[in-house]
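Only one structure is covered here, and it is reproduced in the block below.
The values are calculated or read from the model by the stated rules, or taken from the named source; none is laboratory data. Keep in mind that what you see is a predicted model, and the values were worked out from it rather than measured. We place every Cβ from the backbone using ideal geometry, glycine too, and count neighbours over all the protein chains shown. Each accessible area value is taken on the protein alone, full model and side chains, heavy atoms only, with ligands, DNA and RNA left out. Shrake-Rupley method; radii C 1.70, N 1.55, O 1.52, S 1.80 Å.
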Amino acid sequence: MKAKGRKWHWLALLLVLGAALGFGIPRLMPDSASAVHPEHGMVCTTGPTFNLRASSGYVQTPDGNSVYMWSYQKNPGFFQYPGPTLCVNEGDPVVVNLTNDLPEPVSIVFPGQTNVQANGGPAQPQFDGGGNLTSLTNVALPAGGTVSYSFVAEEPGTYIYQSGTEPSKQVQMGLVGALVVRPSIGATYAYNDVSTLFNPDREFLLLFHEIDPDLHHVVELGQPYDITTLHFRYWTVNGRALPDSIQINNTPWLPSQPYSSLIVVEPYDAAINAQPALVRIANPGLANHPFHPHANHIQTIAQDGRMLKGPGGEDLSFEQFGRIVGSGQTYDALFKWTDAEGWDPVFNPVPVEIPGLQNLVFMDSAVYYSGSPYLGEQGDFPPGVTSFNQCGEEYFPWHSHALNEFQNFDEGFGGLATLLRVDPPGGCP
Ligand SMILES: [Cu+2]
């Protein structure tokens with residue numbers, strides 16, 4: 001494991017994050033997030049019956065752009081991207097009723113689920129005039145058509161759901177979401193194995209997706225969709241690009257993008273904080289993404305909704321500091337942040353050479369840097385520099401290491417990235 005990853009070059013990232021990191025009061029929401037930290041962490045829409053609409057709307061990007069999207073939203077509800085995170089329990093009879101507001105047939109497929117029954121809508125398979133397969137399952141016809149899918153959630157884990165109709169268009173347009181099946185031994189476990197116990201107040205989902213705004217524009221205008229011109233310009237985590245990705249759940253200025261992806265933890269402590277965070281990673285998009293979490297490594301425990309165990313039950317989980325998340329794949333990881341050296345300005349003052357105040361150059365007058373190398377301590381800043389650091393917390397970037405994806409329309413840093421926030425023991429006041 002790496003110890004505290006104090007990489008000063010990443011300071012630059014924190015300095016360009018202009019928008020304030022919210023500690024505000026979230027919008028009242030019917031969905032369940034963590035009871036202790038509703039601002040952060042995975043937001044569940046609970047089933048096992050779900051009513052979704054395939055609809056169009058607009059999302060915002062950090063460079064001030066507004067992009068036409070398709071997505072699944074709750075019915076009734078507001079347009080949101082990505083679709084709601086569907087949470088069910090192992091053994092549940094799941095029913096997903098889909099209504100189509102879009103101008104062409106749409107559907108949903110549930111990779112990893114077995115015996116999915118489709119009721120209503122034209123039956124599969126469907127072909128276009130040229131004999132090409134256009135849909136993997138029954139569709140909801142345009143202008144209010146409906147279809148219903150049902151299956152039993154037989155295996156716990158993290159899954160995706162997405163359009164099974166012309167995926168090169170409809171998945172790219174945003175018809176994606178995540179499905180979480182909780183194991184029968186309890187909701188504080190990721191799988192039916194005691195080694196997968198996690199802190200339920202530290203459960204996170206990171207769902208990756210990509211956007212070509214030009215292709216979205218031609219769809220908005222009703223013009224032909226030419227996949228050969230595909231050129232992604234935006235990359236999102238939970239429907240937002242950095243720095244929007246670190247804003248709280250349901251932040252009011254991103255009304256169509258309700259899900260935060262900020263990871264918030266406190267240092268591992270065998271006595272008071274022994275359980276790891278659970279990070280569910282899902283990639284329903286068209287591209288593969290080499291995801292790189294800074295600070296401690298993640299412990300990858302499952303892939304595509306199956307625990308990493310050998311034929312004799314051997315533990316095949318492993319530590320990683322980089323994880324290529326392929327198109328259509330999911331991973332589950334446990335994560336602990338360890339204050340390896342226990343730096344403390346009084347009791348363990350590990351000498352650190354910090355540049356003098358007058359030598360510090362900030363790219364932006366607003367920073368998240370604490371001004372101190374010690375967790376829970378805050379230092380001084382040059383005149384004119386405002387720190388949004390709350391309590392000496394520390395930030396680490398978790399980002400795509402395909403650096404073209406680490407930006408918003410060629411402006412970095414941004415894109416497929418979020419931050420890990422480490423609060424001092426006991427949390428921020
Ligand atoms: Cu990195």
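A few points about this structure:
- The one condition in (1) more than 16 Å from the ligand (Cβ to nearest atom); (2) at positive phi that VAL385 fails to fulfil: (2)
- Selection from the range 390-407 of residues that are open to solvent by 10 Å² or more (accessible area, probe 1.4 Å) and either more than 26 Å from the chain's Cα centre (by Cα) or more than 16 Å from the ligand (Cβ to nearest atom) (or both): GLN390, CYS391
- Any hit, the range 256-270, residues being touching a residue at least 60 places away in the same chain (Cβ under 8 Å), small (Gly, Ala, Ser) and outside any loop (DSSP other than H, G, I, E, B): no
- In a residue-by-residue description of the range 301-318, the property of being more than 16 Å from the ligand (Cβ to nearest atom) and closer than 26 Å to LEU375 by Cβ applies to no position.
Yes/no matrix, rows are residues, columns are (1) farther than 30 Å from ILE185 by Cα; (2) without any contact (Cβ under 8 Å) to a residue 40 or more places away in the chain; (3) surrounded by 18 or more Cβ atoms within 10 Å (Cβ to Cβ); (4) touching a helix residue (DSSP H, G or I) at 6+ places or on another chain (Cβ under 8 Å):
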site	(1), (2), (3), (4)
GLY77	yes, yes, no, no
TYR81	yes, no, yes, no
GLU90	no, no, no, no
PRO93	no, no, no, no
GLN113	no, no, yes, no
GLY121	yes, yes, yes, no
SER135	yes, yes, yes, no
ALA140	yes, no, yes, no
TYR159	no, no, yes, no
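- Subset of the range 57-73 (residues that are hydroxyl-bearing (Ser, Thr, Tyr) and buried (at least 18 other Cβ atoms within 10 Å of the Cβ)): THR61, TYR68, SER71, TYR72
- Qualifying residue in the range 353-360 (condition: β-branched (Val, Ile, Thr) and surrounded by fewer than 17 Cβ atoms within 10 Å (Cβ to Cβ)): yes
- Taking the range 324-348 as the range and being within 16 Å of the ligand (Cβ to nearest atom) and open to solvent by 30 Å² or more (accessible area, probe 1.4 Å) as the test, only ILE324 passes.
- Condition check for HIS231: more than 28 Å from PHE151 (Cβ to Cβ) and either touching a residue at least 40 places away in the same chain (Cβ under 8 Å) or more than 23 Å from the chain's Cα centre (by Cα) (or both): no
- Subset of the range 182-211 [closer than 26 Å to HIS292 by Cβ, touching a Leu at 6+ places or on another chain (Cβ under 8 Å) and outside any loop (DSSP other than H, G, I, E, B)]: THR196, GLU203, PHE204, PHE208, GLU210
- Residue match in the range 193-202 (condition: farther than 30 Å from VAL422 by Cβ and within 17 Å of the chain's Cα centre (by Cα)): no
- Filter result for THR418 (polar (S, T, N, Q) and within 14 Å of the ligand (Cβ to nearest atom)): yes
- Evaluating PRO255 against the criteria (1) open to solvent by 10 Å² or more (accessible area, probe 1.4 Å); (2) at pLDDT below 95 leaves one unmet condition, (2).
- Taken over the range 280-300, the criterion of being farther than 25 Å from THR114 by Cβ, crowded, with 17+ Cβ neighbours inside 10 Å and either more than 16 Å from the ligand (Cβ to nearest atom) or free of Cβ contacts under 8 Å to residues at least 12 places away in the same chain (or both) is satisfied by ALA287, GLN299.
- Just one of (1) at pLDDT 90 or above; (2) more than 16 Å from the ligand (Cβ to nearest atom); (3) surrounded by 15 or more Cβ atoms within 10 Å (Cβ to Cβ) fails for PRO373. It is (1).
- Among the residues here, PHE413 qualifies as farther than 30 Å from SER195 by Cβ and within 16 Å of the ligand (Cβ to nearest atom).
- Residues considered: LEU197, LEU206, LEU242, LEU230. Of these, the only one that is in contact with a helix residue (DSSP H, G or I) (Cβ under 7 Å, 6 or more places away or on another chain) and either over 19 Å from GLN73 (Cβ atoms) or surrounded by fewer than 22 Cβ atoms within 10 Å (Cβ to Cβ) (or both) is LEU230.
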